[in-house]
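A short worksheet on the structure shown next.
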Amino acid sequence: MKRVLTELLNLPNVVVESSLREGSVLILSVSKKVKSAVCPDCGKKSEHLHQNQKHLVKDLPIGDKEVILNLNRRRFKCKTCRKTFTEQLDFVGTRKGFTHRYAENIVKQVISSNVSNVARNNGLSDEEVNSMIEDVAQNYVDN
Ligand SMILES: [Zn+2]
């Protein structure tokens, strides 16, 4: 386990097992700390690992490095239900190629970039553009 990288990554209950640098990309193999998961059907804890499933997801950069997480989304077998299930990860959506916090960062960039670009192209200040957005939104609500 890589303690410093785990601290830098700062995802709750997630540990970095190994890292690999490919040019400007840092690939971190991560897994959850706990050795069990809760069955979504009966709510019982299972420690019976059925399968390891690797996924690559983009995460926020560390320093000047792009970060890709090599994620182990484990499948467990519930002995009560006799079914397998995939563990839930709270920092990445199901079948998504990026973490929640990465998506939030991109959306923020898009919003601020759009306002600034529009303001610059029209000789307006950001405040004026924001005020127009509010005006339009307000009209939309009124109608
Ligand atoms: Zn179950």
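The values are calculated or read from the model by the stated rules, or taken from the named source; none is laboratory data. Since the structure is predicted, the reported quantities are computational estimates derived from the model, not experimental observations. Glycine gets a Cβ as well: all are built from the backbone with ideal geometry, and neighbour counts include every protein chain shown. Areas reflect the complete protein model, heavy atoms only, side chains present, ligands, DNA and RNA absent. Shrake-Rupley method; radii C 1.70, N 1.55, O 1.52, S 1.80 Å.
Go through the residues of the stretch 22-42 one by one and say whether even a single one is in a strand (DSSP E or B), away from the ligand (no atom under 13 Å from the Cβ) and either without any contact (Cβ under 8 Å) to a residue 12 or more places away in the chain or over 18 Å from Leu8 (Cα atoms) (or both).
Start the filter on the stretch 22-42 by keeping residues that are in a strand (DSSP E or B), which leaves 22, 25-32, 37-38.
Next cut, away from the ligand (no atom under 13 Å from the Cβ) only: 22, 25-32.
From what's left, either without any contact (Cβ under 8 Å) to a residue 12 or more places away in the chain or over 18 Å from Leu8 (Cα atoms) (or both): 22.
There is at least one residue in the stretch 22-42 that is in a strand (DSSP E or B), away from the ligand (no atom under 13 Å from the Cβ) and either without any contact (Cβ under 8 Å) to a residue 12 or more places away in the chain or over 18 Å from Leu8 (Cα atoms) (or both).
For the stretch 17-52, give me each residue that is among the charged types (D, E, K, R) and open to solvent by 70 Å² or more (accessible area, probe 1.4 Å).
Filtering the stretch 17-52 for residues among the charged types (D, E, K, R) gives 17, 21-22, 32-33, 35, 41, 44-45, 47.
The answer is Glu17, Arg21, Glu22, Lys33, Lys35, Asp41, Lys44, Lys45, Glu47.
List every residue pair whose Cβ atoms sit under 6 Å apart, with the two residues 6 or more apart in sequence or on different chains, where the first one lies in the stretch 119-132 and is free of Cβ contacts under 8 Å to residues at least 60 places away in the same chain and the second, anywhere, is open to solvent by less than 90 Å² (accessible area, probe 1.4 Å) and among the acidic types (Asp, Glu).
Between residues of the stretch 119-132 that are free of Cβ contacts under 8 Å to residues at least 60 places away in the same chain and residues that are open to solvent by less than 90 Å² (accessible area, probe 1.4 Å) and among the acidic types (Asp, Glu), the close pairs are Ala119/Asp126.
Has the stretch 88-98 got at least one residue that is exposed (fewer than 14 other Cβ atoms within 10 Å of the Cβ) and within 13 Å of the ligand (Cβ to nearest atom)?
No, that holds for no residue.
Sort out which residues of the stretch 6-16 are outside any loop (DSSP other than H, G, I, E, B) and in contact (Cβ under 8 Å) with a residue 24 or more places away in the chain, and write them in order of number.
Let us first name the residues in the stretch 6-16 that are outside any loop (DSSP other than H, G, I, E, B), namely 6-9, 14-16.
Leu8, Leu9, Val14, listed by residue number.
Where residues in the stretch 53-74 are out of contact with any helix residue (DSSP H, G or I) (no Cβ under 8 Å at 6 or more places or on another chain) and open to solvent by 50 Å² or more (accessible area, probe 1.4 Å), which of them is farthest from the ligand (Cβ to nearest atom)?
Step by step, filter the stretch 53-74, then rank; the result is Asp64.
Please determine, by comparing only the residues of the stretch 75-87 that are of a type in the set (Val, Ile, Thr) and either away from the ligand (no atom under 14 Å from the Cβ) or surrounded by 14 or more Cβ atoms within 10 Å (Cβ to Cβ) (or both), which one is farthest from Asp59 (Cα to Cα). Step through it out loud before you land on a result.
Our first condition is that a residue be of a type in the set (Val, Ile, Thr); within the stretch 75-87, this holds for 80, 84, 86.
Filter again for either away from the ligand (no atom under 14 Å from the Cβ) or surrounded by 14 or more Cβ atoms within 10 Å (Cβ to Cβ) (or both), leaving 84, 86.
Values: Thr84: 28, Thr86: 21 Å.
Selected residue: Thr84.
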